[in-house]
Amino acid sequence: MVNYLFRYIIVTFILLIITGCTSQIGDNRGDEEEKMTKVLLIVSQKNFRDVELLTPEKILKEKGFKVDVASIEAGKAYGAEGHVVDVISVKDVGFEDYDFIGLIGGPSALSLEKSEVMNLMQNAYEAGKQIGAICIASIVLAKAGLLDDVKATVWEAPDGSTKKELEDHGATFVSEKIVYDKNILTGNGPGASEEWGKKIVEILEQ
């Protein structure tokens, strides 16, 4: 009887130690994730520009940043060139959880002109967060009132309409691949994807 009780006590003690260690490991992983630099990239539900998402996302993840991808609705988002990505809903995210929030361009990027997207970007900027956009998604920032008196770039339509859109909303258009001014990073299209991603890293590592 004594031996049985002794073995019971020993086994119980060992189980408590294992449980405690497992819990500690889980807590540590949570703490590590909490400390990670976090980036939110927002895409249109359909026809986002694949390279403008995938290239910066790869660069950021290689640097150890946590990257979430969002769209208007949770589920799937479909790239213009065939890539399908899992997305969370913009309605379910808080700007305070991220260090940088960026809008991805593409043929349907202007579908991001929704109150939930514009409010998110406005609130993030007003809170001192870094924000950005690439390609024609810069127009969404402009229409949200965020490029007034800000140097910025955008994909240049042959008829000059995208440049005019920025200028009509108070931006100072700069014909460069990427432009960073007043906590806002803009890129002029697919060809700027790598530079845009690297600049995000540079900004967040300062």
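Read the figures in this text as sums done on the coordinates, not as results from a lab. Predicted model only: the values in this text are computed from it and were never measured. Quick reminder, even Gly has a Cβ in these numbers, built from the backbone with ideal geometry, and neighbours come from all protein chains shown.
Quick notes
- Hits in region 160-183 - residues which are more than 24 Å from VAL51 (Cα to Cα) and outside any helix (DSSP H, G or I): HIS169, GLY170, ALA171, THR172, LYS182
- Residues that are outside any helix (DSSP H, G or I), more than 19 Å from ALA80 (Cα to Cα) and in contact with a helix residue (DSSP H, G or I) (Cβ under 7 Å, 6 or more places away or on another chain), drawn from region 111-131: ALA127, LYS129, GLN130, ILE131
- Residue list for region 132-152, restricted to those being in contact with a helix residue (DSSP H, G or I) (Cβ under 9 Å, 6 or more places away or on another chain) and surrounded by fewer than 19 Cβ atoms within 10 Å (Cβ to Cβ): LYS143, GLY145, ASP148
- When region 132-159 is filtered for residues that are assigned to a loop (DSSP other than H, G, I, E, B) and closer than 19 Å to ARG49 by Cα, the ones remaining, listed by number, are THR153, VAL154, TRP155, GLU156, ALA157, PRO158.
- Number of the condition not met by LEU120 [criteria: (1) surrounded by fewer than 14 Cβ atoms within 10 Å (Cβ to Cβ); (2) under 14 Å from the mean Cα position of the chain (by Cα)]: (1)
- Any chance LYS143 is under 23 Å from ALA192 (Cβ atoms), of a type in the set (D, E, K, R) and in contact with a His (Cβ under 7 Å, 6 or more places away or on another chain): yes
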